[in-house]
1. What's the total number of residues in the range A:286-326 that are under 13 Å from A:LEU406 (Cα atoms), over 20 Å from the mean Cα position of the chain (by Cα) and not polar (S, T, N, Q)?
2. Can you give me the ranges of the helices (runs of 4 or more DSSP H) entirely in the range A:315-415 with at least 2 residues that are of a type in the set (Phe, Trp, Tyr)?
3. Looking at the range A:37-46, is at least one residue in contact (Cβ under 8 Å) with a residue 40 or more places away in the chain, within 17 Å of A:ALA391 (Cβ to Cβ) and hydroxyl-bearing (Ser, Thr, Tyr)?
4. Could you please find all residues in the range A:306-339 being within 14 Å of chain B (Cβ to nearest Cβ), surrounded by 17 or more Cβ atoms within 10 Å (Cβ to Cβ), more than 14 Å from A:LEU382 (Cα to Cα) and among the aliphatic types (A, V, I, L, M)?
5. Considering every residue within the range A:150-160, establish whether at least one is over 23 Å from A:PHE234 (Cβ atoms), in contact with an Asp or Glu (Cβ under 8 Å, 6 or more places away or on another chain), open to solvent by less than 10 Å² (accessible area, probe 1.4 Å) and not aromatic (Phe, Trp, Tyr).
6. Are any residues in the range A:79-101 assigned to a helix (DSSP H, G or I), more than 9 Å from chain B (Cβ to nearest Cβ) and open to solvent by 30 Å² or more (accessible area, probe 1.4 Å), and if so, which ones?
7. Looking at (1) of a type in the set (Asp, Glu); (2) free of Cβ contacts under 8 Å to residues at least 60 places away in the same chain; (3) farther than 24 Å from A:ARG183 by Cβ, find the lone condition where A:GLU263 falls short.
Number of protein chains: 2
Amino acid sequence: MRLAAYGLRLMFEFTLDATCGAARAGRWTLPHGEVLTPCFMPVGTQGTVRALSPRDLEAIGASIVLGNTYHLFLRPGEDVVARLGGLHRFMGWPHPILTDSGGFQVFSLESLRRVSEEGVEFRSHVDGSARFLSPERAVEVQWALGSDVAMAFDHVIPGGASREQARDALDRTLRWLERCAARFAALARGAEGRRPAAESHSDAHGARPSALGAVLSAAAPPQTLVPIVQGATFPDLRRAALEGVLGLGEWDAIAIGGLSVGEPKAATWEALEGLQPILPGGRPRYLMGVGFPEDVVAALARGVDLVDCVAPTRMGRNGTAFTDEGPVNIRNARHRGDAGPLDPTCDCETCTTFSRGYLRHLFQAEELLGLRLLSLHNVRFLIRLSARARAAVTDGTFDGWSRAWLARYRSKEQA
Amino acid sequence: MRLAAYGLRLMFEFTLDATCGAARAGRWTLPHGEVLTPCFMPVGTQGTVRALSPRDLEAIGASIVLGNTYHLFLRPGEDVVARLGGLHRFMGWPHPILTDSGGFQVFSLESLRRVSEEGVEFRSHVDGSARFLSPERAVEVQWALGSDVAMAFDHVIPGGASREQARDALDRTLRWLERCAARFAALARGAEGRRPAAESHSDAHGARPSALGAVLSAAAPPQTLVPIVQGATFPDLRRAALEGVLGLGEWDAIAIGGLSVGEPKAATWEALEGLQPILPGGRPRYLMGVGFPEDVVAALARGVDLVDCVAPTRMGRNGTAFTDEGPVNIRNARHRGDAGPLDPTCDCETCTTFSRGYLRHLFQAEELLGLRLLSLHNVRFLIRLSARARAAVTDGTFDGWSRAWLARYRSKEQA
């Protein structure tokens, strides 16, 4: 059954500006703004990118953030977010938002969940209550949150899963994708019916109307549903998953999930490389959960456009800062009297205002400002890294740039 | 012995712009900028106003912050701060800074300290090491930190102290004040000798040179030493303390310490009122440790110009927000779906960006951003309150304004 059966078509325009080898530079026009790719998406787990404000994120050039459906579903509940104006307004972020589906989180709960064909029953980590997520509910929750991009509800398996488990999970993910699409189409038709075309959300917010907009163009909020390719580290299963996904419709983007979950790095890159020949060129490719600097560069070199990860904020809160010379542990005693900046090449508030000696002091004294300043720098670092990659693609030097960058990053031992 | 014996004279100009009853509006020109009074000083205990950045503080109109000598002496050590360019540069705050002397903190250590005429031996709360602060050391540490305003090292006693204890502590505080002044004068003469007049710090930073600047005008960093009036809640001891302080010299400002330490409110205000007739009119008066909104207004009504307190940031981190209608506990369930701002009359980032429902969610979810947003609002609230008091003094309506404000603040029961 093809997506057309549900009345779904491409919604949001993606333009490929340049390629260099497998690496790409593009732009994705979403209802709340344009996203230049390659792009790192900071993760706003509970409706906030931890320790950072929306103004911080604007100041460091973030163009899209990720929200976690699982967390917002449990607390405060998507009904509360909707009542407070939707996720953009709730968190004070008027730019694009992508929400995950909750699949990754509920499958991480291990002993606290029960999986059936219908969906996943689990215990809330907040209050222990019994909760349920299914393809339909995951789509409904994201629709209520009002993100620009909603993710399909997928069956996620651990890094070391067997071929049989992987096959089973990807088949279920494909069956669930059809249910997601059916529910999404129904919600979109409902929104269309309730809202006159003249009041289109896109128009009201001055965003460029999608050239391909069709069924949903008059709906508010406009949202697209993106499928997730599973298949663990088995190249043939990955290809089968992608073919299955593509067989179901003309998706606005393709997400690659179930990588960076404990498997060897070589297997991650092999899986990506195997998908290359059959990935549609004109759609953005989102590799989920990747955000350590060297992994970002390696992924971009394999044709990925979008990545997300909690690494920059989590590492920042632990006192580790990303630099081109490798990670720096700001707690180290050698920074005690260091008047130099954390990263002399960085333009963020942290690096242009404070010394390493001061930043170390904040961590020694367990001051909240330290958590924020290192998170800010790390997110800025990945946004700058993405922008540098984009520039290298555009001027045709990506291969040399990425090889030199990786060699330098890995050669230094910092502490 | 008068201060003139040490070559100390008035350093920094204070202009009284208006009075209204006992309330005053003035401006104090310090080396790093001008402070309009009445003024609330946020407290930067460990070289940072907890959860706020220097940019936050500038955005909400803070003009001077307080640094804690005790904390910075123990960690990272005043030598480290000096090596990193002094406290202004260390914490990224190029505006005025007042440092306390450490007296209040070491006397709060109770069982961990031993007091002698020489000074106070105590155990560091950081690493348990034996440390020592004396009048001389407290002045030396503050000189190394490079604050605009240094406080004399005083003997602080608990709120319920006996008359004998209070008399003893105030006599010691006066003897220690002479030792502080002697050490301060020696440091100032040394700085003068090392630094040509043409390189005056005031000139280099474009600040208005003090009309009264004398011995220290060429010193870097220029700093003034401010005495603290003790005497617990005994009006005659308070007067004796003030007379003793004034007998020692022409101080740039007068601080009133040892209040707001557990005594009944009526006793606080009585002590202040008793000092009124003999406080010099042309010098700023700093009431230490006061920062709950109703106490600030009550203090300003009794002729106080400067106050400081951790209350706005500490209360903010606990989820309590100051408003004209009384404190609001943002954790309360009634805010769950509230789309309105925390304080509709406030212009801070928190109130102009986020809903009460979102702020409540941040506290429920234990997100760092909540601590910051409520701290930001509370400090902004006290800065606005001070500015409103100043305006009321200037247009001659302070008495009516303050009575109406206090009545409204106390009449509402929020939760």
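1. Of the residues in the range A:286-326, 3 are under 13 Å from A:LEU406 (Cα atoms), over 20 Å from the mean Cα position of the chain (by Cα) and not polar (S, T, N, Q).
2. The helices (runs of 4 or more DSSP H) meeting that bar are A:356-364, A:398-411.
3. Yes, the range A:37-46 contains at least one residue that is in contact (Cβ under 8 Å) with a residue 40 or more places away in the chain, within 17 Å of A:ALA391 (Cβ to Cβ) and hydroxyl-bearing (Ser, Thr, Tyr).
4. A:ILE330
5. No: the range A:150-160 contains no residue that is over 23 Å from A:PHE234 (Cβ atoms), in contact with an Asp or Glu (Cβ under 8 Å, 6 or more places away or on another chain), open to solvent by less than 10 Å² (accessible area, probe 1.4 Å) and not aromatic (Phe, Trp, Tyr).
6. Listed by number, the list holds a single entry, A:ALA82.
7. Unmet for A:GLU263, out of (1) of a type in the set (Asp, Glu); (2) free of Cβ contacts under 8 Å to residues at least 60 places away in the same chain; (3) farther than 24 Å from A:ARG183 by Cβ: (2).
One line per residue, one yes/no per condition, for (1) farther than 16 Å from B:SER53 by Cβ; (2) within 13 Å of chain B (Cβ to nearest Cβ); (3) not aliphatic (A, V, I, L, M):
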| residue | (1), (2), (3) |
| --- | --- |
| A:CYS348 | no, yes, yes |
| A:TYR358 | no, yes, yes |
| A:LEU369 | no, yes, no |
| A:ALA387 | yes, no, no |
| A:GLY396 | yes, no, yes |
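The values are calculated or read from the model by the stated rules, or taken from the named source; none is laboratory data. These numbers come from a predicted model, not from an experiment. Heads up, the Cβs are rebuilt from the backbone with ideal geometry, glycines too, and the neighbour counts pull from every protein chain shown. We work out accessible area using only protein heavy atoms, side chains counted, and drop any ligands, DNA or RNA first. Shrake-Rupley method; radii C 1.70, N 1.55, O 1.52, S 1.80 Å.
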